[in-house]
Amino acid sequence: MHFKNYTSFIIALTFVVLYQSCFAQTTSNSKNSSLFFIPEILIGKTLEANTDFPETKLQKNLFFSLGQHNLNTNKEWAARLNYPKTGISFGYTDFGNSENVGHAYSILPFIEFSILKKRIDGLNLQIGFGSSYMDTQYDETTNEFNRAITTKINWSFRSFFYYDVFKSNTTDWRFGLGYLHHSNGHTNLPNQGLNSIAASVSAKIDGKKEDISNFEKPTFKTKSQIYFALRFGLGQNVLSQKFNSKKEVFTITASAEKIINNTFKFGGGFYYRFYEHYYDYINNNEVLVQEQFPHYTKNPFGYATAFGLFATSELLLNHVGFEFDLGLNIYKPFYKIDWKLNKGYSYETSNNETVEVLGELDWYYEIKRTVSARMGLKYYLWSTDKAPKNNIYFGAHINANLGQADFTELSLGYVYRFDLKEKN
């Protein structure tokens, strides 16, 4: 079972989910959910993704953002987070080398927090997570030194600090400094990813400027709930540049712990994964299995699996959840072959023979084999603000070995909440 547009489907779900979070709820209380827009100019530097990466000049970006204030008495999550702003950014990026690195066209839903308000008034942190279309990719013949991007559709991430330099009745002039990232989530190789640092000048223009100091903040009781959750995931990745076709990763997890104030969720659980690429490599008795791991053929299914423990944290924003997991692989035997294939290299001899050198199982291999991570978004069918006993969600995530992408995943989950406990 293969999906040619799998990544595109996940990214489309991401956009729909965050559009719902950012704008669909404004009609419930438009009085305290005024809209704003931000034109922004950025300049920066595209960092080298690999050895001999094409030379780049000054990076240039244009962004236009639509957002809303969340001064809504019905939004408990907004009150708990001191009323952050949410919205969607549309961006154009010229990486400084049109021929070899090209341009990006991005859509990034965002959330923006006011930080250190008592010490530095006007300082904000904005985090955006979405997708981008890249018009230039790696090609082994015509663009062999750009090993950063190999697909047209990619995940995008943006993290910026903004400082309000000057404020008027309708406009906040801002200076920004931050980081941008683009990659495909290990759905095609090579995939070094494009990383950039940039500075920006922007103007936040409000149709009706809201002053949070004059807003009558509601009082919510302190509450908590124990929960139990099940998740079924369908992921997709490639094994190596030689085995560069997309195949599936199947996941099952179970977790439990606590939801605090209908906004913060912390828990832990167990995951099981089956990698189709691993199974096929063993079942086809490929070279490394023949030469170094012949015993894998006695149980291809078992050696193509992985399981472990994970800790999870999640920010619940009504129908939307931002999730980050950190895990411990207890069992992932095939990663030895995965590492050898992907950390090796090849070269041509004087006799025009290709020699392949395998990656070594060093200390860094041990860390990456052991530590897993997962980051992404969820959309809950029923508002988490109402603390429903039963809820179902759809999710889109990137899974990683430490900080390197492992597979892109679409998931379906179920959450059961036990009795709510409130404190006066």
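The values are calculated or read from the model by the stated rules, or taken from the named source; none is laboratory data. Just so it is clear, the model here is predicted, and its values are computed rather than measured. We place every Cβ from the backbone using ideal geometry, glycine too, and count neighbours over all the protein chains shown. Calculation scope for accessible area: heavy atoms of the full protein, side chains included, ligands and nucleic acids excluded. Shrake-Rupley method; radii C 1.70, N 1.55, O 1.52, S 1.80 Å.
Could you check, for region 398-414, whether at least one of its residues is over 27 Å from residue 324 (Cβ atoms) and hydrophobic (A, V, I, L, M, F, W, C)?
Looking for residues that are over 27 Å from residue 324 (Cβ atoms) and hydrophobic (A, V, I, L, M, F, W, C), one finds none in region 398-414, hence no.
What residue, among those in region 384-403 that are out of contact with any Phe, Trp or Tyr (no Cβ under 7 Å at 6 or more places or on another chain) and surrounded by 13 or more Cβ atoms within 10 Å (Cβ to Cβ), is nearest to residue 339 (Cα to Cα)?
In this case the residue turns out to be 401.
Please verify whether residue 360 is at pLDDT 90 or above, of a type outside the set (Phe, Trp, Tyr) and open to solvent by 10 Å² or more (accessible area, probe 1.4 Å), treating the condition exactly as stated.
Answer is yes for this residue.
Do we find a residue being outside any strand (DSSP E or B), within 30 Å of residue 78 (Cβ to Cβ) and not basic (Lys, Arg) anywhere in region 232-250?
No, region 232-250 contains no residue that is outside any strand (DSSP E or B), within 30 Å of residue 78 (Cβ to Cβ) and not basic (Lys, Arg).
Yes or no, residue by residue, for (1) of a type outside the set (Val, Ile, Thr); (2) in contact with a strand residue (DSSP E or B) (Cβ under 9 Å, 6 or more places away or on another chain); (3) on the phi > 0 side of the Ramachandran plot:
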position	(1), (2), (3)
304	yes, yes, no
307	yes, yes, no
314	yes, yes, no
317	yes, yes, no
320	no, yes, no
324	yes, yes, no
330	no, yes, no
337	no, no, no
343	yes, no, no
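Looking only at region 254-291, filter to residues that are outside any helix (DSSP H, G or I), of a type in the set (S, T, N, Q) and without any contact (Cβ under 8 Å) to a residue 24 or more places away in the chain; which one of those is farthest from residue 231 (Cα to Cα)?
285
With the checklist (1) open to solvent by 10 Å² or more (accessible area, probe 1.4 Å); (2) touching a strand residue (DSSP E or B) at 6+ places or on another chain (Cβ under 6 Å); (3) outside any strand (DSSP E or B); (4) of a type in the set (Ser, Thr, Tyr) in hand, flag the one item residue 187 doesn't pass.
(1)
Can you tell me which residue in region 138-149 is nearest to residue 404 (Cα to Cα), limited to those that are touching a residue at least 24 places away in the same chain (Cβ under 8 Å) and open to solvent by 20 Å² or more (accessible area, probe 1.4 Å)?
Here the answer is 147.
Considering only region 21-35, I want to know if a residue exists there that is modelled with pLDDT of 60 or more and surrounded by fewer than 18 Cβ atoms within 10 Å (Cβ to Cβ).
Yes, region 21-35 has at least one match.
Of all the residues that make up region 142-183, how many are at pLDDT 90 or above and assigned to a loop (DSSP other than H, G, I, E, B)?
Within region 142-183, residues that are at pLDDT 90 or above and assigned to a loop (DSSP other than H, G, I, E, B) number 10.
Take region 386-411 and flag every residue that is charged (D, E, K, R), modelled with pLDDT of 90 or more and over 20 Å from residue 276 (Cβ atoms).
Matches in region 386-411: 389 only.
Matching residues to (1) of a type in the set (D, E, K, R); (2) touching a Ser or Thr at 6+ places or on another chain (Cβ under 8 Å):
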{"site": "344", "(1), (2)": "no, no"}
{"site": "356", "(1), (2)": "yes, yes"}
{"site": "368", "(1), (2)": "yes, no"}
{"site": "379", "(1), (2)": "no, no"}
{"site": "385", "(1), (2)": "yes, no"}
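Are any of the residues in region 94-113 open to solvent by 30 Å² or more (accessible area, probe 1.4 Å) and modelled with pLDDT under 90?
The answer is no, given that none of the residues of region 94-113 is open to solvent by 30 Å² or more (accessible area, probe 1.4 Å) and modelled with pLDDT under 90.
Restricting attention to region 45-77, report how many residues are without any contact (Cβ under 8 Å) to a residue 60 or more places away in the chain, of a type in the set (Asp, Glu) and not in a loop (DSSP other than H, G, I, E, B).
Qualifying residue count, region 45-77: 0.
Counting only residues that are touching a helix residue (DSSP H, G or I) at 6+ places or on another chain (Cβ under 7 Å) and at pLDDT 90 or above, which one in region 363-378 is farthest from residue 155 (Cα to Cα)?
Here the residue is 365.
Which one of the conditions (1) part of a strand (DSSP E or B); (2) touching a His at 6+ places or on another chain (Cβ under 7 Å); (3) open to solvent by less than 40 Å² (accessible area, probe 1.4 Å); (4) not basic (Lys, Arg) does residue 198 fail to meet, given that it meets all the rest?
(2)
Please go through region 165-180 and give me each residue that is under 28 Å from the mean Cα position of the chain (by Cα) and surrounded by fewer than 17 Cβ atoms within 10 Å (Cβ to Cβ), ordered by number.
175, 177, 179
Which numbered condition in (1) closer than 22 Å to residue 255 by Cβ; (2) open to solvent by 80 Å² or more (accessible area, probe 1.4 Å); (3) assigned to a helix (DSSP H, G or I) is the only one that residue 366 fails?
Here residue 366 clears every test but (1).
Of all residues in region 293-351, count the ones that are of a type in the set (Asp, Glu) and open to solvent by 30 Å² or more (accessible area, probe 1.4 Å).
1
Would you tally the residues in region 262-292 being of a type in the set (A, V, I, L, M, F, W, C) and open to solvent by 20 Å² or more (accessible area, probe 1.4 Å)?
5
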